[in-house]
Amino acid sequence: MERDQKLETYLGFSLKSNTIYTGMKLEEKLEKGKINALIILPSCQEKDRKRYADIKERQTNLTLFSYDGDINIPLILGYERLKAFGIQNRSLAKAVIDRLQELTKEEQR
């Protein structure tokens with residue numbers, strides 16, 4: 001299992017500032033349009049992926065990113081299993097997605 005200090009730092013900032021949401025709280029924030037980035041993890045089922053894609057179509061300010069890499073993000077966030085998480089803070093959301101994209105490119109090499 002890989003680790004990435006930069007990603008862990010960004011996620012740590014998000015946790016500390018209470019701008020990461022999971023589970024039912026994520027669903028509530030998505031309904032209200034309060035989430036800037038939704039990151040879908042490998043454990044997310046296809047029906048949930050479709051539902052998140054439908055939400056993205058309705059909310060133009062939402063960035064949807066599907067991460068299929070090797071880093072165990074649920075563990076970083078303190079969960080055993082996690083299908084998705086949302087970030088409310090716009091700048092932290094951009095930083096996390098940018099880093100995940102960099103890591104995805106590195107893994108493909």
Just checking, does segment 81-93 include any residue being more than 17 Å from residue 32 (Cβ to Cβ) and modelled with pLDDT under 95?
yes
Which numbered condition residue 11 misses (of (1) surrounded by fewer than 18 Cβ atoms within 10 Å (Cβ to Cβ); (2) assigned to a helix (DSSP H, G or I))
(1)
Reported set for segment 59-84 where residues are of a type in the set (Gly, Ala, Ser) and either closer than 16 Å to residue 104 by Cβ or under 12 Å from the mean Cα position of the chain (by Cα) (or both) is 66, 69, 84
Selection status of residue 61, within 27 Å of residue 3 (Cα to Cα), out of contact with any strand residue (DSSP E or B) (no Cβ under 9 Å at 6 or more places or on another chain) and modelled with pLDDT under 95:
no
Taking the condition of being surrounded by 12 or more Cβ atoms within 10 Å (Cβ to Cβ) and either over 18 Å from residue 59 (Cα atoms) or not basic (Lys, Arg) (or both), how many residues in segment 18-30 meet it?
9
Within the bounds of segment 50-58, is there any residue that is within 11 Å of the chain's Cα centre (by Cα) and among the charged types (D, E, K, R)?
no
Sort out which residues of segment 36-62 are of a type in the set (S, T, N, Q) and either touching a residue at least 12 places away in the same chain (Cβ under 8 Å) or surrounded by 15 or more Cβ atoms within 10 Å (Cβ to Cβ) (or both), and write them in order of number.
36, 43, 45, 59, 61
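The values are calculated or read from the model by the stated rules, or taken from the named source; none is laboratory data. Note that this is a predicted model, so its numbers are computed, not measured. Cβ coordinates were reconstructed from backbone atoms using ideal geometry, including for glycine residues, and neighbour counts include every protein chain displayed.
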